[in-house]
Protein chains: 2
Amino acid sequence: MVDISARSDYAVRAMLALAADHDDPGAEKPAPVSVDRLAQAQDLPVKFLEAIVADLRRAGLVASRRGARGGYLLSRPADQIAVGDIIRAVDGPLAEVRGLRPHDTAYPGEAEHLPALWVATRAALRAVLDGTSLDQLRRGAWPTEVTALLRQPDAWESR
Amino acid sequence: MVDISARSDYAVRAMLALAADHDDPGAEKPAPVSVDRLAQAQDLPVKFLEAIVADLRRAGLVASRRGARGGYLLSRPADQIAVGDIIRAVDGPLAEVRGLRPHDTAYPGEAEHLPALWVATRAALRAVLDGTSLDQLRRGAWPTEVTALLRQPDAWESR
DNA sequence: GCTAATCCTGTCGGGTCAGTAGGATTAATG
DNA sequence: CATTAATCCTACTGACCCGACAGGATTAGC
């Protein structure tokens, strides 16, 4: 069902590392961070991460400086980047049904209402992932929807 | 991210077909439905569906009668079967992070709050899929959480 | 005993995923 | 101006999973 891929997981963690570097040293202009340092910070495979960060750049979420002293920078403030943006950048749409977008599935007979359920499923995902910014995630300062979900008693249990 | 697999999609549709047969002819005892008829009703590949329905049986969601005039029956009323139950039966856990359950992921440094986000993501999924029964799905009689999600203006739009 | 069904095992091609290899290009710095 | 440190690009691989099919063993109603 939901499988948070290594790509997405690594991408979010790299972005978190970048965000940290961004507001860390007071008011200085942040210096570009190399893939090597990002990989070290979160213990990720360097070459694989390199490919992932390239996707983030193509999606416009980070800017790159080439050459010595080069590296990557957030292209927007961390409170204006949703986690959903990151995941879409590296893994495509948040939800698919057998390769189709949820809203253009169609079914015969008894299953006529099924598309609505898939759409609702996607909407639920969006509420969490597009409702949480990189900045909120880093600080654990959750938006209200997420807080409500986490308050659920069995949220941390298997099922 | 979320990929509703063919297995899950087909499984839900087969269960819907079964549910329809169940309350259709008034108060008669429902007769077992063969895989062939289920496949026809929803236009699904017979042999593949056979394997899927076998999973549903092992999970206890349907009961089987072997031999001539055999087939499958819902093992509980359709309002006591959650869509989430069906999906778990054929595809395993609703959410995983690189093969791990969301609640036992762990991260170094800046990503310390990430597990909570994955857990919230799963909780959001559960709210929709465990909150909707097979019966509600068939009738399009959505629970309040789903209605709220579908009311969202861009719920049916791409992103 | 025929027939219609479940049940089981095995196979298969293609696709995706995580990760690696190797090198071309770019730019700061001494 | 050469060295060095970085991005960038293309290609590859090995493993695994997914959708689907084949063939037959078993069961039970008529």
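The values are calculated or read from the model by the stated rules, or taken from the named source; none is laboratory data. What you see is a predicted model, and the numbers here were worked out from it, not measured in a lab. Quick reminder, even Gly has a Cβ in these numbers, built from the backbone with ideal geometry, and neighbours come from all protein chains shown. Please note that ligands, DNA and RNA were not included when accessible areas were found on the heavy atoms of the full protein model with its side chains. Shrake-Rupley method; radii C 1.70, N 1.55, O 1.52, S 1.80 Å.
Below are the figures for this structure:
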{"item": "Test item: B:82-92 mean partner chain Cβ contacts at 10 Å", "result": "1"}
{"item": "Protein accessible surface hidden between A and B, which excludes ligands and nucleic acids, total in Å², probe 1.4 Å", "result": "5800 Å²"}
{"item": "Cα lying deepest toward the dipole's positive end in the protein assembly as shown, options B:GLY92, A:ALA82, B:GLY140, charges on Cβ", "result": "B:GLY92"}
{"item": "Local net charge near B:VAL53, Cβ-Cβ under 12 Å (Lys/Arg +1, Asp/Glu -1)", "result": "+3"}
{"item": "Student exercise, the stretch A:96-142 dipole from Lys, Arg, Asp, Glu Cβ charges, in Debye to nearest 20", "result": "300 debye"}
{"item": "Inter-chain shielding of B:102-112 (mean C-beta neighbours from other protein chains, 10 Å cut-off)", "result": "5"}
{"item": "Area accessible to solvent at B:GLU50, 1.4 Å probe radius, in Å²", "result": "80 Å²"}
{"item": "For B:140-152, mean number of other protein chain Cβ atoms within 10 Å", "result": "4"}
{"item": "Surface accessible to a 1.4 Å probe, per residue, for the residues of the stretch A:6-151, Å²", "result": "44 Å²"}
{"item": "Sequence of A:ASP9, A:ASP3 from largest to smallest accessible area, 1.4 Å probe", "result": "A:ASP3, A:ASP9"}
{"item": "Highest-fluctuation residue, A:GLN40, A:GLN136, A:GLN80 considered, GNM on chain A with Cα pairs under 10 Å", "result": "A:GLN40"}
{"item": "Space enclosed by the convex hull of the alpha-carbon atoms of the stretch B:1-123, per residue, Å³", "result": "112 Å³"}
{"item": "Among A:PHE48, A:PRO115, A:ALA127 - extreme Cα towards positive end, dipole of the protein assembly as shown, charges at beta-carbon", "result": "A:PHE48"}
{"item": "Gaussian network model of chain A, Cα within-10 Å springs - most flexible of A:ALA78, A:ALA14, A:ALA124", "result": "A:ALA124"}
{"item": "With every protein chain in place, the stretch B:6-151: carbon and sulfur % of accessible area (1.4 Å)", "result": "47 percent"}
{"item": "Accessible surface of A:HIS113 - all protein chains present, 1.4 Å probe, nearest 10 Å²", "result": "60 Å²"}
{"item": "Considering only the protein assembly as shown, percent of DSSP beta bridges that pair antiparallel, nearest 5", "result": "70 percent"}
{"item": "Under 5 Å, built H, 5+ apart or other chain: amide partners of A:ILE81", "result": "A:LEU134, A:ASP135"}
{"item": "Neighbourhood charge, 12 Å Cβ-Cβ cut-off, centred on A:ARG159 and excluding it, Lys, Arg +1 and Asp, Glu -1", "result": "0"}
{"item": "Fluctuation leader among B:VAL46, B:VAL12, B:VAL97 - chain B, Gaussian network, Cα springs under 10 angstrom", "result": "B:VAL97"}
{"item": "Inter-site label distance for A:ARG37 and B:ARG57 at 7 Å from Cα along Cβ, in nm", "result": "6.1 nm"}
{"item": "Within-12-Å neighbourhood charge of B:ALA39 [Cβ basis; K, R +1; D, E -1]", "result": "0"}
{"item": "log₁₀ of I(q)/I(0) at q = 0.11 Å⁻¹ - the stretch A:61-159, Debye sum with one point per alpha carbon", "result": "-0.51"}
{"item": "Per-residue SASA entry for A:ARG57, accessible area with 1.4 Å probe, Å² rounded to 10", "result": "100 Å²"}
{"item": "Simple Cβ-charge dipole of the stretch B:6-151, Lys/Arg +1 and Asp/Glu -1, about Cα centre, in debye nearest 20", "result": "440 debye"}
